[in-house]
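The structure appears below as structure tokens.
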Amino acid sequence: MTLAKALAVLAALTIALAASPASATNAVPQSPTLAAGPTPGQYYQMRARSSGLRLEVAFASTGLAPVIQASSPSGYRPSHWRFESINTSFYRIINRNSGNCLRGSSAGVRTVIYQAPCQGGNIFDEWRLTQTGSDYEISQREFGWSLCIIGDLTFGGVPLVSESPGSSLCNKRFTLIPVS
């Protein structure tokens, strides 16, 4: 996907999202079951339950702030993630190709998720995994916003965004698939 096409997809999503109401609450939901957690040192692909798409760093970038996007399944290293335990409830999610962390922000819901150098103590690098069956909902520590692929989109290049807990506008369940 070219940069121009990626920006066009992002612009279309932004316009569509602006027209839909956001949840009025930013409260962190109560977890039905906290995940026992991923295996330390193991890399995983995060597969969206609804579409089968995997999360990867756009354009295999190793630099600061490229977006995280949904992509077709592959063995591609930018789609491999390691979960580093911070404590019993939270993880840093680190990309194999870049060594950077999955990063949220304080800008609000429907904000694009990106990668940035990992910083100890940075709450925007900290994520909670809530297990439901064999899937996980992954939410940001500070505000409880969940990782989200908007709607029923099933094509690659769709950016990963944050969304309010309880929103039905996006697909927030991911399966962790071990990779070698």
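Bear in mind that the values in this text are calculations on the coordinates, not laboratory data. If you're wondering where the values come from, they're calculated on a predicted model, not measured in any experiment. A quick note on method: Cβ atoms are made from the backbone with ideal geometry, for glycine too, and the neighbour counts reach across all protein chains shown.
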Under a plain spin-label model, where a point goes 7 Å from the Cα along Cα-to-Cβ, how far apart in nm are ILE177 and GLU142?
3.2
Figure the gain on full extension for SER89 and ASN122 (residue separation times 0.36 nm, minus the Cα-Cα span) and round it to one decimal in nm.
10.4 nm
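For SER106 and PHE59 in one chain, what is 0.36 nm times their gap in residues minus the Cα-Cα distance, to one decimal in nm?
Length difference between fully extended and current span is 14.4 nm.
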